[in-house]
Amino acid sequence: MELNGKLAVVTGGTRGVGAGIAHAFAEAGADVVICARRPPDTPLKGTEFLPLDVRDPDAVQALFDGLPRVDVLVNNAGGTPYRPLTGTGTDARRHARVIDLNLTAPLTVSLAAHAHLRRSRGSIVMIGSVSGSRPSPGSAAYGAAKAGLEHLARSMAVEWAPDIRVNTLVLGMVRTELSHLHYGDEHGVAAVARTVPLGRLADPSDVGGAAVFLASDAAAYITGASLLVHGGGERPAFLDAATADRPPTDDTGRRYTTDGTGRGTPDDSNGTRGGGR
């Protein structure tokens, strides 16, 4: 999949997932503009940095007015701190700012890029989250915004077809330089990774590869779609709580194995049937 000669704009592209996406686009041959409020700590090879607060509509419009063309827009900027719905420092205005960053800002940026993308018959990639399709305690406003972002992308895909394709990458857990804020130390990260069917958290490069695919000609007939990038998702909690697929226990804690008559036969501590030693 090559993007030679295309200009891609990646918001929030200076670190974490955004940096992984920007690197993947540069590797695919695209000219990459990364936007964020602060420059990257280390310059990203093959990219140009332009300062931008995506929540400022005038600044967003000025940035796109100054670009010669845009072929791909990746709406990656977003995120949230852990913030329960109620409690100290959790008034409605703080939740509204999370929604502004994760839902309103991608709309603002997409509208500013629309004329460029229509001329180039380009592509928009939204960076969504599994938080938008499952309960998200501690980040409810973020989850609601990501649910809205996915719906926004589907609506854009219909309104702006056939000139512009719009798709969403729905991300699960990704290992970045900020993972410790969410999962703790290395033991915590490893424990969380074991809950993922593929046995690890995503790497930013995994997300970058998927974004390149959606922006490339290989996805020319894909629009209004949501591509899950979550390593198989999350193991349903009820599977670990259910007793249907494991031997029951009596009130002494001894395990029982059902015999051919349907009665329980106690097992000894090493797994051999009672009386079988």
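Divide the volume of the convex hull around the Cα atoms of the chain by the residue count and you get 197 Å³ per residue. For region 38-130, the carbon plus sulfur part of the accessible surface works out to 54%, probe radius 1.4 Å. Surface composition of region 131-199: carbon and sulfur atoms hold 59% of the protein heavy-atom accessible area at a 1.4 Å probe.
List the trypsin sites (Lys or Arg not before Pro) within region 1-103 that fall in a DSSP loop (any state other than H, G, I, E or B) and whose Cβ has at most 13 other Cβ atoms within 10 Å. Don't skip to the end; give the middle numbers.
Details: sites: Lys6, Arg15, Arg37, Lys45, Arg55, Arg69, Arg93, Arg94, Arg97; in loops: Lys6, Arg15, Arg37, Lys45, Arg55, Arg69.
Hits after loop and neighbour filter: Arg37, Lys45, Arg69.
Compared with the dominant Cα axis of the chain, that is its longest principal axis, helix 204-215 is turned about 60°. Each of Thr195, Gly132, Phe238 was scored by the projection of its Cα onto the charge dipole of the chain, and the greatest displacement toward the positive side belongs to Phe238; charges sit on the C-beta of Lys, Arg, Asp and Glu.
What trypsin sites (Lys or Arg not before Pro) does region 101-203 have in DSSP loop regions with at most 13 other beta carbons within 10 Å? All intermediate terms of the calculation are to be shown ahead of the outcome.
Details: sites: Arg118, Arg119, Arg121, Lys146, Arg154, Arg165, Arg175, Arg194, Arg200; in loops: Arg121, Arg175, Arg194, Arg200.
Listed in order of number, the matching sites are Arg121, Arg194.
Restricting to DSSP loop positions (anything but H, G, I, E, B) with no more than 15 other Cβ atoms inside 10 Å of their own Cβ, which chymotrypsin sites (Phe, Trp or Tyr not before Pro) remain in region 1-106? Here the chymotrypsin sites (Phe, Trp or Tyr not before Pro) that fit, given the DSSP loop and packing criteria, are Tyr82. With bins 10 Å wide beginning at 0, the percent of Cα pairs of region 70-171 falling in each bin runs 17, 45, 25, 11, 2. Computed from Cα atoms, the angle from the helix 105-120 axis to the main principal axis of the chain rounds to 60 degrees. Once you reduce region 53-86 and region 105-129 to the center of their Cα atoms, the two points are 10 Å from each other. Note that the chain presents 54 Å² accessible area per residue, ligands and nucleic acids not counted, probe 1.4 Å.
Using a Gaussian network model of the chain whose springs link C-alpha atoms within less than 10 Å, name the residue from Thr47, Thr243, Thr90 with the highest mean-square fluctuation. Comparing Thr47, Thr243, Thr90 in the GNM, the peak value goes to Thr243. The longest part of the chain holding none of the exposed loop GluC sites (Glu not before Pro), meaning those outside H, G, I, E and B in DSSP with at most 16 other Cβ atoms within 10 Å, is 3-176.
Counting only Cβ charges, +1 for Lys and Arg and -1 for Asp and Glu, the dipole size of the chain around its Cα centre is about 340 debye.
For region 167-229, the direction-averaged projected area of the alpha-carbon convex hull comes to 4.7 nm². Running a GNM on the chain with Cα contacts under 10 Å, which residue among Leu201, Leu52, Leu67 ends up with the highest mean-square fluctuation? Per the Cα network of the chain with a 10 Å cutoff, Leu67 tops the list.
The values are calculated or read from the model by the stated rules, or taken from the named source; none is laboratory data. Bear in mind that the values here come from a model prediction, so they are computed numbers and not experimental data. As a convention, Cβ positions derive from the backbone with ideal geometry for all residues, glycine included, and neighbour counts pool all protein chains shown. We work out accessible area using only protein heavy atoms, side chains counted, and drop any ligands, DNA or RNA first. Shrake-Rupley method; radii C 1.70, N 1.55, O 1.52, S 1.80 Å.
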